[in-house]
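Peer 1: Structure provided below as structure tokens; questions to follow.
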Amino acid sequence: MNGEKIIEFKGSKKGIYISIKGYENLEEIKNIITKKISKNEDFFKGAMIDTIKSDLLDDVDILVLENYLEKEYKLKFVKDEITDEVFDGIRQGNTKFLKSTLRSGAKIFFKGNVVLIGDVNPGAQVIAYGNVIITGSLRGMVHAGANGNEEAFVSANNLDPTQLRIAGKIAIPPENQDKPDIPEVAFIKNDNIVIESYTKNTLFN
């Protein structure tokens, strides 16, 4: 399919939306978008992007594209207004399910709970208003209860993040610490982030 037809920029009430109709190769999509923007730099300067629509790309690929466009071209994506109301659906609220491995540079943001079937590599981020559950290894940055819910928790089969946040609390695990190869959960207890496993509790100061 011709590159001009693979990716189209269309207008909406909220701004411009990007329609992707072909090509599952993410780098090829980046190249086509880059060419289109380069031809119309004045048009895209300061433009607001409503959304990226594609039946071929998954949520993680779209997030990678959003991060790329924001970083390389300073394009801004229309986001719902941030609410001051703390998300209280950590037991049965809205949940986003993703099946992927997040590589460096990828970022997930969701105003609810996030369940990721895969790994979170160093340099990747997961930010959620609710709980964050990783079925694989968590080695990137994670922020649960991001708009203030101190009852939120983070769980992973290998919990070894570069930085872990719950609500307003921040924990940076010590380096060179042996980690148990069993599922662990992090939560706030006595005003500190506590890590619980089947065998022991660990307190990040």
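Just so it is clear, none of the values below were taken in a lab; they were calculated from the coordinates. Treat the numbers as computed from the prediction; the structure is a model and nothing was measured. Note that we place each Cβ from the backbone using ideal geometry, even for glycine, and neighbour counts take in every protein chain shown.
Peer 1: Amide H of Lys53: which non-local residues (sequence gap of 5 or more, or other chain) have their own amide H closer than 5 Å, using H built in the peptide plane?
Peer 2: Long-range HN contacts for Lys53: Ile18, Ser19, Ile20.
Peer 1: Using 0.36 nm times the number of residues separating Glu151 and Phe43, minus their current alpha carbon distance, what extension gain do you get? Present the calculation step by step, with values, prior to reporting the outcome.
Peer 2: Numbers: separation 108, 0.36 × 108 = 38.88 nm, distance 4.52 nm.
So the chain would gain 34.4 nm between Glu151 and Phe43.
Peer 1: Test of understanding: what is the full-extension gain from Glu70 to Val185, defined as 0.36 nm times their sequence separation minus their Cα-Cα distance? Provide the component values of the computation, followed by the final result.
Peer 2: Numbers: separation 115, 0.36 × 115 = 41.40 nm, distance 3.29 nm.
In short, 38.1 nm is gained.
Peer 1: Exposure proxy check: Asp160, Asp119, Asp42 ranked by fewest other beta carbons within 10 Å? Provide the component values of the computation, followed by the final result.
Peer 2: On the way: Asp160 16, Asp119 20, Asp42 6.
The order, fewest Cβ neighbours first, is Asp42, Asp160, Asp119.
Peer 1: With r as the distance between the Cβ atoms of Tyr17 and Glu85 and R0 = 22 Å, compute the FRET efficiency 1/(1 + (r/R0)^6) and round to 0.05. Don't skip to the answer; put the middle values down first.
Peer 2: Numbers: r = 28 Å, r/R0 = 1.26.
The formula returns an efficiency of 0.20 here.
Peer 1: A further question on this structure: How far is it, in nm, from the label point at Val115 to the one at Thr101 when both lie 7 Å from their Cα along the line to the Cβ?
Peer 2: With each label point 7 Å from Cα toward Cβ, the separation is 2.2 nm.
Peer 1: Structure shown: which of Lys14/Lys39; Lys21/Lys71; Lys99/Lys169; Lys39/Lys111; Lys13/Lys169; Lys35/Lys107 lie over 32 Å apart, alpha-carbon to alpha-carbon? Walk me through the numbers on the way to the answer.
Peer 2: Values: Lys14/Lys39 23 Å; Lys21/Lys71 24 Å; Lys99/Lys169 28 Å; Lys39/Lys111 36 Å; Lys13/Lys169 38 Å; Lys35/Lys107 24 Å.
Beyond 32 Å between Cα atoms: Lys39/Lys111; Lys13/Lys169.
Peer 1: Starting from one equal scatterer on each C-alpha and no solvent at all, send me the Debye-based log10 I(q)/I(0) for the stretch 3-77 at q = 0.17, 0.20, 0.26 Å⁻¹, two decimals.
Peer 2: So the normalised log intensities work out to -0.58, -0.83, -1.53.
Peer 1: Starting at 0 and stepping by 5 Å, how many percent of the alpha carbon pairs of the stretch 95-203 end up in each bin?
Peer 2: 3, 14, 27, 28, 19, 8, 1
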